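Undergrad: Can you read through this structure? Questions will come right after.
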Amino acid sequence: MTKSDIINKIADRTGLPKTSCESVIDIFADEIKNCLVTGDKLIIKGFIGFEVSERPEREGRNPKTGEVSTFPAVKSVKCKISRSIKDAVNGK
């Protein structure tokens, strides 16, 4: 499913124009991004939770050459799906 598919489904179900639906989805995505950029945790109860985690600097080895390299610390986003969605996907 693509963004345009979601926009079409929302427009069909609500009767709103597609441009309005697209604007709402864009604003929603921007707000999620802004929340995570500031390091806040975002929880949409009954749907999903997002959290920024930091991985420390580490050393790794190139398997081809055996050369040891240092990988810098990075931030990543973890997401956790709600139990109700997991159960629905698993047919429970």
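The values are calculated or read from the model by the stated rules, or taken from the named source; none is laboratory data. For clarity, every value in this text was computed on a predicted model and none was experimentally measured. As a convention, Cβ positions derive from the backbone with ideal geometry for all residues, glycine included, and neighbour counts pool all protein chains shown.
Undergrad: Just checking, does the range 53-75 include any residue being surrounded by 11 or more Cβ atoms within 10 Å (Cβ to Cβ), in contact with a strand residue (DSSP E or B) (Cβ under 7 Å, 6 or more places away or on another chain), closer than 27 Å to Asp5 by Cβ and outside the structural domain of Ser4 (by TED's automatic domain parsing)?
TA: no
Yes or no, residue by residue, for (1) at positive phi; (2) of a type in the set (Lys, Arg); (3) assigned to a loop (DSSP other than H, G, I, E, B):
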site: Gly66; (1), (2), (3): yes, no, yes
site: Lys75; (1), (2), (3): no, yes, no
site: Ile85; (1), (2), (3): no, no, no
site: Ala88; (1), (2), (3): no, no, no
site: Lys92; (1), (2), (3): no, yes, yes
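Undergrad: To continue, here is another question. For residues that are surrounded by 14 or more Cβ atoms within 10 Å (Cβ to Cβ) and either among the acidic types (Asp, Glu) or in contact with a helix residue (DSSP H, G or I) (Cβ under 9 Å, 6 or more places away or on another chain) (or both), tally how many sit in the range 26-52.
TA: 5
Undergrad: Can you pull out the residues in the range 70-92 that are among the small types (Gly, Ala, Ser) and over 28 Å from Val37 (Cα atoms)?
TA: Ala88, Gly91
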